[in-house]
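Presented below is the structure to which this report refers.
The values are calculated or read from the model by the stated rules, or taken from the named source; none is laboratory data. As the structure is a prediction and not an experimental result, all values here were calculated from the model. All Cβ positions, glycine included, derive from the backbone under ideal geometry; neighbour counts span all protein chains shown. Areas reflect the complete protein model, heavy atoms only, side chains present, ligands, DNA and RNA absent. Shrake-Rupley method; radii C 1.70, N 1.55, O 1.52, S 1.80 Å.
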Amino acid sequence: MTITWLDPADSAAMGRWYDLMVAVTRHDLPDLPTPSRREHAARFAYAWPATTEEALLAWDGDRVVGAASYLLPQAENLGTVHLELIVHPRERRRGVATELLAEVCAAARRHHRSLIEIQTVRTLPGGAARDEAGYRYLTRRAHRPGMTSIRSRWQAPDQAGGDDATLAEAWTHADGYSLVQWRDAAPEKIIGDVAALQSRLTLDAPTGGLAAEQARYDTERIRRQERTEQGRGHRSYSTAVRHDATGEVVARTKLAFESADDTHARQRITIVEPAHRGRRLGLIVKSANHAYARAHEPRLRVVDAWNAEENSHMRAVNTVLGFRPVDAWPVFQLPV
Ligand SMILES: CC(C)(COP(=O)(O)OP(=O)(O)OC[C@H]1O[C@@H](n2cnc3c(N)ncnc32)[C@H](O)[C@@H]1OP(=O)(O)O)[C@@H](O)C(=O)NCCC(=O)NCCS
C-alpha cells in the first residue's frame with residue numbers, strides 16, 4: 001500500500017476517491033443518497049469560507065482503498081483539524097486507517113493543530129443497524145466521544161395537511177411576527193440579521209464536552225457560503241421570522257438539497273434569538289419551511305436532521321414535526 005497527497009487537478013485520483021466514497025456510503029449509511037459527484041468535483045474550487053482542505057489517498061495498485069480528508073479552519077478553531085477517514089469495506093482491518101491517521105497527525109503538527117475532530121456512526125436501540133467499525137476503531141484506542149448527535153428522519157406522510165394544523169396552533173402563541181422566505185441566497189435587506197443569527201449558532205447549540213469556538217459570520221462570509229453551496233450544486237429553502245415591532249429577523253431555518261437525489265434534504269441551521277424564545281418560533285419556522293420546500297419540491301420524501309443528544313428543545317420540535325431517531329453520531333476529539 002502507498003499513501004499519496006491528493007492533487008486536486010488529478011481528475012483520475014479524484015474519480016477513484018469518489019468511487020471509494022460511494023462504496024463506503026452504500027456499506028455504512030445505505031439510507032443516505034449517493035454522494036454528489038458534482039459536489040466532489042467542485043470541493044476544492046468551491047471551498048467552504050474560512051477553511052482549507054487537504055487529502056491523503058491510500059492506494060493498492062491503481063485502486064484507492066482509503067482516504068483521509070481534512071478541513072483546516074482558518075478563522076476560528078485554529079487548533080482543530082476536522083477529519084473524515086474512510087476505508088473500503090473489503091479492505092478493513094488491514095491497518096489502512098492506522099497508516100492514514102499517522103500521516104494526518106504529522107500534518108496536523110505541521111499546521112500547529114492540537115486536536116483532530118472526527119465523527120462516526122452507531123446503532124440506536126430500535127434504529128437502523130449500523131456497522132460500528134469506526135466507533136470500535138476509536139474506542140479501542142482509548143478515545144471517548146465528546147458529544148453525540150442523533151440523526152432523526154422525517155418521512156413524507158401519505159396524506160398532506162398535518163403541518164398546517166401544527167402551524168396554525170403554534171401561531172396562536174406568536175403574535176406580532178411574520179415570515180420571510182427565500183431560496184438559495186438571503187435577501188439583501190436582511191443579510192446582516194441572517195449573519196448575526198448564524199453567528200449565534202455555534203455559541204448556543206450544545207457541543208457537550210467538545211472544545212469548539214464560536215464561528216462568527218458577517219455579510220461577506222454568508223455570501224461566500226452561498227457561492228460555495230451554489231458551486232457545489234446545492235439548493236436550499238429558508239424561512240426566517242421577523243419581529244414586526246422592530247423589523248428585526250429573530251429566527252431562521254434552512255432545508256438543503258445537497259445531492260442529485262431530489263427526494264432527500266438535510267435540515268440545516270435552526271436558531272431563535274434568545275430574547276424571542278418560548279413563543280413556538282422554532283416550531284413555526286421549521287414547519288413553515290417544510291411547507292415552503294414541499295411546495296417547490298414535489299418529489300421530497302425524506303429529511304434528515306442532526307442534533308446534539310442533549311438538545312432537548314430542538315429534538316422536541318422535531319418530534320412534533322414527525323421526525324424519528326435513526327442512528328447516533330458520536331464526535332471525538334483526538335489529541336495530536
Ligand atoms: C473506521 C475505519 C476507517 C477503520 O479502517 P481500517 O483500515 O479497517 O482500520 P485499521 O485496520 O487501521 O484498524 C482496524 C481496527 O479498528 C477496530 N475495529 C474495526 N472494526 C472492528 C470490528 N468489527 N470489531 C472489533 N474491532 C474493530 C479494531 O481495533 C481494529 O484493529 P484489529 O483489526 O487489529 O483488531 C473503517 O472501518 C471505515 O471506513 N469506517 C466507516 C467510516 C467511519 O466510521 N469513519 C470514522 C472513522 S474513525
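Which percent of the accessible area of the range 153-330 is formed by carbon and sulfur heavy atoms (probe 1.4 angstrom)? About 48 percent, which is the carbon plus sulfur part of the accessible surface. Rolled with a 1.4 Å probe across the full set of protein chains, the surface gives His143 an accessible area near 50 Å².
Spacing of the modelled spin labels on Thr263 and Arg227, each 7 Å from Cα toward Cβ, amounts to 3.6 nm. Please report, as a whole percent, how much of the solvent-accessible surface of the range 2-119 comes from carbon and sulfur atoms (probe radius 1.4 Å). Roughly 51 percent of what the probe reaches on the range 2-119 is carbon or sulfur.
Average accessible surface for the chain: 47 Å² per residue, computed with a 1.4 Å probe over protein heavy atoms with every protein chain in place. The separation of the range 302-336 from the range 73-151, counted between C-alpha centres, amounts to 18 Å. The Stokes-Einstein estimate for the range 180-336, based on a Kirkwood radius over Cα pairs and taken at 4 °C with 1.567 mPa s viscosity, is a diffusion coefficient of 78 µm²/s. Taken about its Cα centre, the chain carries a charge dipole of roughly 460 debye when the Cβ of each Lys and Arg holds +1 and the Cβ of each Asp and Glu holds -1. Between Lys189 and Phe44, full extension at 0.36 nm per residue minus the direct alpha carbon distance yields a gain of 49.2 nm. Legend: calculated FRET efficiency, Arg26 to Glu103, from the Cβ-Cβ distance at R0 = 25 Å, rounded to 0.05, equals 0.45. Pop the C-beta distance of Ser178 and Leu78 into the FRET formula with R0 = 45 Å and round what comes out to the nearest 0.05. Efficiency for this residue pair is about 0.65. Taking only the Cα atoms of the range 2-119, the radius of gyration and Dmax are 14.0, 39 Å. 3J(HN,Hα) along the range 48-64: 5, x, 6, 9, 10, 10, 9, 8, 10, 10, 9, 10, 10, x, 9, 9, 8 Hz, from the Karplus curve 6.51 cos²θ - 1.76 cosθ + 1.60 with θ = phi - 60°, whole Hz, x for Gly and Pro. Just going by the charge dipole of the chain, with Lys and Arg at +1 and Asp and Glu at -1 on Cβ, which of Trp17, Val194, Pro49 is farthest out on the positive end? Projecting each Cα onto the dipole axis, the largest value belongs to Trp17. Take the Kirkwood radius over Cα pairs of the chain, plug it into Stokes-Einstein at 10 °C and 1.306 mPa s, and you get 75 µm²/s for translational diffusion. Dipole magnitude for the range 184-288: about 160 debye, using +1 per Lys or Arg Cβ and -1 per Asp or Glu Cβ, origin at the Cα centre. Stretching the chain fully between Ser312 and Arg144 yields a gain of 58.3 nm (0.36 nm per residue, less the alpha carbon separation). Extending 7 Å from Cα along the Cβ direction at Asp10 and again at Trp59 yields two label points whose distance is 0.5 nm.
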